[in-house]
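**Q** Below is one structure. I have some questions about it.
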Amino acid sequence: MMQATGDGLVNPKKTLHSIEGGSLDIRFTDLCRLATAFGFKLMRVSGSHHIFSHPRLPELINLQEVGGQAKPYQVRQLMSLVARYSLTMEDRT
């Protein structure tokens, strides 16, 4: 079980560690927090679609919540962008 912070959310590094360990069972709020830690910014919300952008990337990423969880394919999409563009949690440009 992952350790939650005082606000009930899991630290982004722990979320990343869980994903790297093969888990796709990630809470939506934790995935949004992880995306933000990698430098993505929430641009808009349209219904259940949360659209994030990154200042260094031409692509947007769409994250959706289903029963409090992130969609597994969207977890993979985020991690694919992180790997493809060598993003780190320190990226804030």
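**Q** Those residues that are free of Cβ contacts under 8 Å to residues at least 40 places away in the same chain and either surrounded by 15 or more Cβ atoms within 10 Å (Cβ to Cβ) or assigned to a loop (DSSP other than H, G, I, E, B) (or both), I need them from the range 15-50; list them, please. Before you say what the answer is, go through the steps one by one.
**A** Of the range 15-50, the ones free of Cβ contacts under 8 Å to residues at least 40 places away in the same chain are 15, 17-18, 20-23, 29, 32-33, 36, 40-50.
Result: 15, 18, 21, 22, 23, 29, 32, 33, 40, 47, 48, 50.
**Q** What residue, among those in the range 1-14 that are surrounded by 11 or more Cβ atoms within 10 Å (Cβ to Cβ) and polar (S, T, N, Q), is modelled with the lowest pLDDT?
**A** Out of the qualifying residues, it is 5.
**Q** For residue 64, are the conditions met, namely being free of Cβ contacts under 8 Å to residues at least 40 places away in the same chain, touching a Lys or Arg at 6+ places or on another chain (Cβ under 6 Å), under 17 Å from residue 31 (Cβ atoms) and polar (S, T, N, Q)? Quick ask: steps written out before the conclusion?
**A** Values: free of Cβ contacts under 8 Å to residues at least 40 places away in the same chain: yes; touching a Lys or Arg at 6+ places or on another chain (Cβ under 6 Å): yes; under 17 Å from residue 31 (Cβ atoms): yes; polar (S, T, N, Q): yes.
Criteria met by residue 64.
**Q** Moving to a separate point now. Return yes or no: is residue 66 loosely packed, with under 12 Cβ neighbours inside 10 Å and either hydrophobic (A, V, I, L, M, F, W, C) or in contact with a His (Cβ under 7 Å, 6 or more places away or on another chain) (or both)? Break it down stepwise before answering.
**A** Values: loosely packed, with under 12 Cβ neighbours inside 10 Å: yes; either hydrophobic (A, V, I, L, M, F, W, C) or in contact with a His (Cβ under 7 Å, 6 or more places away or on another chain) (or both): yes.
So residue 66 passes the test.
The values are calculated or read from the model by the stated rules, or taken from the named source; none is laboratory data. Predicted model, so just to flag it, every value in this text is computed and none were measured. Here Cβ is always computed from backbone atoms with ideal geometry, including for glycine, and neighbour counts include all displayed protein chains.
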